[in-house]
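Novice: My questions will all concern the structure given below.
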Amino acid sequence: MSTAVKLSDSTPVVFDLANASLRELNVALQGLDGLGQSAWSILNPRGAHALAVGITAAVSLSIEGHVGYYCAGMNDGASITITGNAGPGVAENMMSGLVHVLGDASQAAGATAHGGLLIIEGNASGRCGISMKGIDIVVKGSVGHMSAFMAQSGNFVILGDAGEALGDCLYEARIFVRGEVASLGADCEEKAMTEEDRIILRNLLKKSGAKAEPAEFKRYGSARRLYHFHVDNAGAY
Amino acid sequence: MARRADCTTSTLITPGPIEMTDSAGPRIPRTLPRFSATFDPHTIAEIQRAAATGIYDIRGSGTKRKLPHFDDLLFLGASVSRYPLEGYRERCGTEVVLGTRFAKKPITLKIPVTIAGMSFGALSGNAKEALGRGASAVGTSTTTGDGGMTEEERGHSQTLVYQVLPSRYGMNLRDLRRADAIEVVVGQGAKPGGGGMLLGQKISPRVAAMRNLPEGIDQRSSCRHPDWTGPDDLEIKILELRELTNWEKPIYVKVGASRPYYDTALAIKAGADVVVLDGMQGGTAATQEVFIEHVGLPILSAIRPAVQALQDLGQHRKVQLIVSGGIRTGADVAKAMALGADAVAIGTAALIALGDNAPEWEEEYQKLGTTAGAYDDWHEGRDPAGITTQDAALAARLDPVKAGRRLANYLSVLTLEAQTIARACGKSHLHNLEPEDLVALTIEAAAMAQVPLAGTDWIPGKNKGE
Ligand SMILES: Cc1cc2nc3c(=O)[nH]c(=O)nc-3n(C[C@H](O)[C@H](O)[C@H](O)COP(=O)(O)O)c2cc1C
């Protein structure tokens with residue numbers, strides 16, 4: 001790899017996208033086995049799409065700047081920090097690992113993801129956590145409309161406000177919101193915070209370095225009224 | 001029938017009521033009970049059912065009403081100016097290569113008939129295994145479905161296409177990478193614009209675990225992809241899928257037939273290697289009857305616009321076209337290919353070959369209020385043949401080895417039939433069939449397939465004023 005420069009064992013491998021292609025970067029990252037070369041610094045991402053997708057090694061990556069669509073898509077084990085903003089579908093379908101966005105995230109952040117932790121320091125746009133299937137998401141700012149739409153499982157923590165129709169057609173994911181909720185979607189309701197909820201929430205706040213207490217949050221979940229077709233629910237669809 | 005009876009009555013010479021007399025006095029002829037063509041018995045029963053339940057009818061299978069279809073086309077065969085090939089002696093090729101545009105590893109199929117995406121969940125594990133066995137025996141591919149990849153189908157399918165659907169149930173990196181091709185599903189012919197449905201009876205513990213859902217709920221999957229909207233996003237999604245899989249795998253885009261010219265053009269623009277076009281006759285595991293019967297285009301009308309888009313963009317035969325929706329015979333295969341498709345896909349016919357709707361289960365079909373040949377409650381999970389079910393006892397009825405063999409036999413027959421026709425048309429490969437080999441029996445079919453009405457040189461909408 002001529003474009004990946006490893007300075008010493010303690011310093012990260014520096015990969016400059018100004019001098020090399022997306023393909024070369026992804027080939028290099030997907031070929032890692034987690035032994036050695038465990039820290040990478042990616043320069044000049046310049047909003048490129050599909051950056052650092054499908055990594056299966058427990059490496060840590062710092063992407064220095066803004067990224068386009070699907071950054072860290074299907075990540076399976078890597079810890080990826082994006083120092084700028086992220087385009088749509090950041091960490092989509094993540095399997096495991098960590099994705100940390102220091103700026104804001106566009107739509108569908110963490111969509112359909114099965115595992116791992118997604119932390120967004122800024123705000124997330126609409127459909128954050130759509131169809132999430134086990135991931136944990138912590139958004140320190142606010143989230144847009146239809147967030148957690150059809151969210152199946154996992155935990156979703158919002159320190160700011162939530163837009164319209166939060167948790168529409170929700171399945172078994174847990175949603176925690178500290179700020180205002182513009183409106184709840186169909187079949188999403190406020191629930192009492194159980195001890196189990198508090199433990200999950202406290203743990204996620206700690207992991208993500210968020211300064212907040214579980215007591216400041218409300219917990220939302222599925223009312224489970226739409227789990228079976230019934231004519232009396234037709235108005236909710 | 002009804003109309004013909006009317007004509008006869010109106011031509012009676014005697015005006016006014018006919019009076020008949022016999023020894024018992026005048027006998028007044030009775031008006032026969034007459035069913036309405038508009039409110040026919042099926043319609044009336046459906047109104048009564050809707051009134052009783054308050055929920056629309058959901059069923060499996062495809063459109064049941066008569067539509068313009070491949071039956072409305074004929075091959076011309078050879079003549080003085082065209083000479084045929086010898087059956088059994090002169091070769092008529094059937095292989096097809098898919099994914100030649102961008103994929104590093106295109107797939108080669110021995111026959112141009114593939115098995116369409118049908119989910120585990122809709123189908124039993126044994127049925128998925130049987131599909132894999134049958135398809136692999138004759139050198140063709142199978143496809144996963146809305147619910148992820150099972151070991152049964154990966155293990156038994158030589159070539160397996162992995163569907164990326166809006167729900168993304170069971171979607172994971174490992175399965176994506178062990179697939180041989182990837183199919184981004186935008187729509188399905190039975191329900192272009194509709195999401196999936198799997199009713200509670202079929203959400204068994206295994207299905208629930210694979211889909212990450214509570215057991216026994218009526219599952220509705222979304223109709224739009226969660227992380228992209230529109231053709232520009234699709235292009236980026238395809239880029240991501242290629243980056244995830246080292247640009248190795250052919251990427252298909254599947255659309256229900258609704259705007260085939262534009263959908264094909266946009267799929268090509270978005271970077272598809274293969275376009276899959278599914279007509280309204282296409283089967284489904286569970287969809288509203290109103291959707292199945294009233295949305296989308298018959299496949300006959302959709303192939304030529306799709307081929308036109310491929311040709312206009314210089315991509316015909318470079319981006320391959322797979323068509324589906326009501327393919328039953330080798331004649332259908334040959335006709336679809338003559339209209340410009342590179343291959344076809346089958347769903348319903350494959351299930352029938354496995355044993356769906358077989359007369360041996362008649363007694364049980366009767367108990368379910370239906371009869372062999374009409375059974376379409378595939379969503380209920382009570383399939384006597386053990387195919388569209390998650391009930392372990394029912395599923396065990398289907399022997400995947402024997403059912404796979406039946407499917408392989410059927411696929412061989414489709415191929416032999418298509419070859420018989422192609423040789424008669426003087427073609428050394430199924431791909432050499434062309435619209436010029438065809439005529440239409442009806443004006444509608446002539447217009448839709450853009451081939452001449454039989455016995456004329458008239459293609460409606462074409463050669464005007466000539
Ligand atoms: C039982 C069943 C399940 C299906 N499941 C899916 C699915 O999961 N994804 C999909 O794209 N199409 C699905 N389809 C549609 C088929 O892929 C295909 O488009 C259709 O069956 C082709 O038409 P035909 O049945 O007339 O051959 C399903 C069809 C059937 C019959």
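Novice: Report the local net charge at residue A:116: Lys and Arg +1, Asp and Glu -1, summed over other residues whose C-beta lies under 14 Å from its C-beta.
Specialist: -1
Novice: Further question: For the residue pair residue B:363 and residue B:39, what label-to-label distance in nm results when each label sits 7 Å from Cα along the Cα-to-beta-carbon direction?
Specialist: Spacing of the two 7 Å Cα→Cβ label points: 4.0 nm.
Novice: Using bins 10 angstrom wide from zero, how does P(r) for chain B break down, in % of all Cα pairs?
Specialist: 4, 19, 29, 24, 14, 6, 3, 1, 0, 0
Novice: Something else now. Mind checking B:170-177 for the average number of partner chain beta-carbons within 10 Å of each residue's beta-carbon?
Specialist: Details: counts 2, 9, 7, 14, 4, 0, 3, 4.
Average per residue, whole number: 5.
Novice: Can you give me the % of accessible surface on chain A that is carbon or sulfur? Probe 1.4 Å, all protein chains present, nothing else counted.
Specialist: Values: 4410 of 8830 Å².
With neighbouring chains kept in place, the figure for chain A is 50 percent.
Novice: Something else about it: Sequence neighbours fewer than 8 away in the same chain don't count; with that in mind, list the aspartates and glutamates whose C-alpha is under 15 Å from residue B:237.
Specialist: List returned: A:92, B:183, B:227, B:273.
Novice: Send over a whole-number figure in Å² for the accessible area per residue of region B:70-449, probe 1.4 Å.
Specialist: Numbers: 13120 Å² over 380 residues.
Here the per-residue accessible area is 35 Å².
Novice: Sticking with this structure for a sec: At 24 angstrom or more along the helix axis (alpha-carbon based) and mean Kyte-Doolittle of -1.0 or higher, what helices does chain B contain? Whole DSSP H runs only. Working shown, then result.
Specialist: Numbers: long enough: B:400-424 (36 Å, 0.15).
Membrane-span-like by this rule: B:400-424.
Novice: Could you compute how much accessible surface residue B:235 exposes when probed at 1.4 Å, giving the result in Å² to the nearest 10?
Specialist: Its accessible surface works out to 80 Å², give or take rounding.
Novice: Could you sort B:191, B:110, A:211 by accessible area so the largest value comes first, with the probe set to 1.4 Å? Walk me through the numbers on the way to the answer.
Specialist: Working: B:191 15, B:110 140, A:211 185 Å².
The residues order as A:211, B:110, B:191, largest area first.
Novice: Report the full-extension gain for the segment residue B:434 to residue B:46: residue separation times 0.36 nm, less the Cα-Cα distance, to one decimal in nm. Before the final figure, lay out each step's value.
Specialist: Values: separation 388, 0.36 × 388 = 139.68 nm, distance 4.30 nm.
Going from the current span to full extension adds 135.4 nm.
Novice: Moving on to the next point. Put B:113, B:138 in order of accessible area, largest first, 1.4 Å probe: what do you get?
Specialist: Working: B:113 0, B:138 25 Å².
Order by accessible area, largest first: B:138, B:113.
Novice: Another question, if that's okay. If one takes the accessible area of chain B alone plus chain A alone and subtracts that of the pair, with a 1.4 Å probe, what total in Å², rounded to the nearest 100, results? Show your work: numbers first, answer last.
Specialist: Values: alone 22010 and 10420 Å², together 29210 Å².
The summed interface area works out to 3200 Å².
Novice: Shifting gears a bit: If I take every Cα pair under 8 Å that is 6 or more residues apart in chain A, average their sequence separation and divide by the length, what percent do I get for the relative contact order? Numbers along the way, then the final one.
Specialist: Values: 754 pairs, mean separation 21.7, N = 237.
Normalised by residue count, the contact order of chain A is 9 percent.
Novice: Taking the Cα centre of each part, how many Å lie between region B:333-359 and region A:37-73?
Specialist: If we compute the Cα centre of each part, the gap is 44 Å.
Novice: Skipping prolines and chain starts, which residues have an amide H placed within reach, meaning under 5 Å, of the one on residue B:276, given they are 5 or more residues away or on another chain?
Specialist: Residues meeting the amide H criterion: B:253, B:254, B:255, B:322.
Novice: Could you work out the relative contact order of region A:98-223, using alpha carbon pairs under 8 angstrom and six or more residues apart, expressed as a whole percent?
Specialist: 18
Novice: To continue, here is another question. Only Cα pairs under 8 Å and at least 6 apart count here; give the relative contact order of chain B as a rounded whole percent. All intermediate terms of the calculation are to be shown ahead of the outcome.
Specialist: On the way: 1013 pairs, mean separation 99.8, N = 466.
Relative contact order comes out at 21 percent.
Novice: Still on this structure: Of B:361, B:228, which has the most accessible area with a 1.4 Å probe, and how do the rest follow in descending order? Walk me through the numbers before you get to the answer.
Specialist: Numbers: B:361 50, B:228 25 Å².
Heavy-atom accessible area, descending, gives B:361, B:228.
Novice: Something else about it: Within region A:4-236, how many Lys pairs that are eight or more residues apart, or on different chains, come under 29 Å at the alpha-carbon?
Specialist: 16
Novice: What Rg and what Dmax come out for chain A when only alpha-carbon atoms are used, in angstroms?
Specialist: Spelled out, the Cα radius of gyration and Dmax of chain A are 18.5, 67 Å.
Novice: Here is a further query. Expressed as a whole number of Å, what is the distance separating the alpha-carbon centroids of region B:22-65 and region A:177-200?
Specialist: Region A:177-200 and region B:22-65 have Cα centres separated by 52 Å.
Novice: Ratio of alpha-carbon Rg to the 2.2 N^0.38 Å globular estimate for the protein assembly as shown, to two decimals, please.
Specialist: Working: Rg = 28.8 Å, N = 703, 2.2 N^0.38 = 26.6 Å.
Taking the Cα Rg and dividing by 2.2 N^0.38 Å, one obtains 1.08.
Novice: Something else: What's the extension gain from residue B:457 to residue B:79 if we count 0.36 nm per residue and subtract their Cα-Cα distance?
Specialist: Numbers: separation 378, 0.36 × 378 = 136.08 nm, distance 1.69 nm.
Fully extending the segment from residue B:457 to residue B:79 adds 134.4 nm.
Novice: While we're here: Do any residues of region A:17-44 lose at least 20 Å² of accessible area when the full set of protein chains is present rather than just their chain alone, and if so which, with a 1.4 Å probe?
Specialist: A:22, A:23, A:30
Novice: Once you've got the Cα coordinates, tell me which of B:110/B:254; B:191/B:427; B:249/B:269; B:105/B:202 are over 25 Å apart.
Specialist: Numbers: B:110/B:254 22 Å; B:191/B:427 36 Å; B:249/B:269 18 Å; B:105/B:202 36 Å.
From B:110/B:254; B:191/B:427; B:249/B:269; B:105/B:202, over 25 Å: B:191/B:427; B:105/B:202.
Novice: One-quarter of the Cα convex hull surface for region A:72-139, in nm²?
Specialist: On the way: hull surface 12.6 nm².
So the mean shadow area of the Cα hull is 3.2 nm².
Novice: Based on alpha-carbon atoms only, what is the radius of gyration of region B:237-346 relative to the globular estimate 2.2 N^0.38 Å?
Specialist: Working: Rg = 14.2 Å, N = 110, 2.2 N^0.38 = 13.1 Å.
Region B:237-346 yields a ratio of 1.08.
Novice: So, one more: Can you give the accessible area per residue of chain A, in Å², using a 1.4 Å probe?
Specialist: Details: 8830 Å² over 237 residues.
Ligands and nucleic acids excluded, the figure is 37 Å² per residue.
Novice: Bin by bin, in steps of 5 Å, what percent of the Cα pairs in region A:79-181 do you find, going until the bin that has the longest distance?
Specialist: 4, 16, 30, 29, 16, 4, 0
Novice: Would you kindly state how much longer the chain becomes between residue B:416 and residue B:248 on full extension, computed as 0.36 nm times their sequence separation minus their alpha carbon distance, in nm to one decimal?
Specialist: Numbers: separation 168, 0.36 × 168 = 60.48 nm, distance 3.20 nm.
Contour length minus the Cα-Cα distance gives 57.3 nm.
Novice: Which residues' amide hydrogens lie under 5 Å from the amide hydrogen of residue A:101, considering only partners 5 or more residues apart or on another chain, with H built in the peptide plane?
Specialist: A:82, A:119, A:120, A:121
Novice: Normalised radius of gyration for region B:128-255, please: alpha carbon Rg relative to 2.2 N^0.38 Å, two decimal places. Display every interim value, and only then the final one.
Specialist: On the way: Rg = 14.8 Å, N = 128, 2.2 N^0.38 = 13.9 Å.
Working it through for region B:128-255, the quotient is 1.06.
Novice: To the nearest whole number, what is the average tally of beta carbon atoms from other chains within 10 Å of the beta carbons of peptide B:230-240? Walk me through the intermediate numbers first.
Specialist: Numbers: counts 0, 0, 0, 6, 0, 2, 8, 8, 1, 8, 14.
Mean inter-chain Cβ contacts per residue within 10 Å come to 4.
Novice: I'd like the carbon and sulfur percentage of the solvent accessible area for region B:39-84, probe radius 1.4 Å, heavy atoms only, ligands and nucleic acids excluded. Show your work: numbers first, answer last.
Specialist: Working: 1900 of 2970 Å².
For region B:39-84, the apolar C and S fraction of the accessible surface comes to 64 percent.
The values are calculated or read from the model by the stated rules, or taken from the named source; none is laboratory data. In this text, all values refer to a predicted model and were calculated from it rather than measured experimentally. All Cβ positions, even for glycine, are placed from backbone atoms using ideal geometry, and neighbour counts span all protein chains on display. Just so you know, the surface numbers come from the protein's heavy atoms only, side chains and all, with ligands and any DNA or RNA stripped out. Shrake-Rupley method; radii C 1.70, N 1.55, O 1.52, S 1.80 Å.
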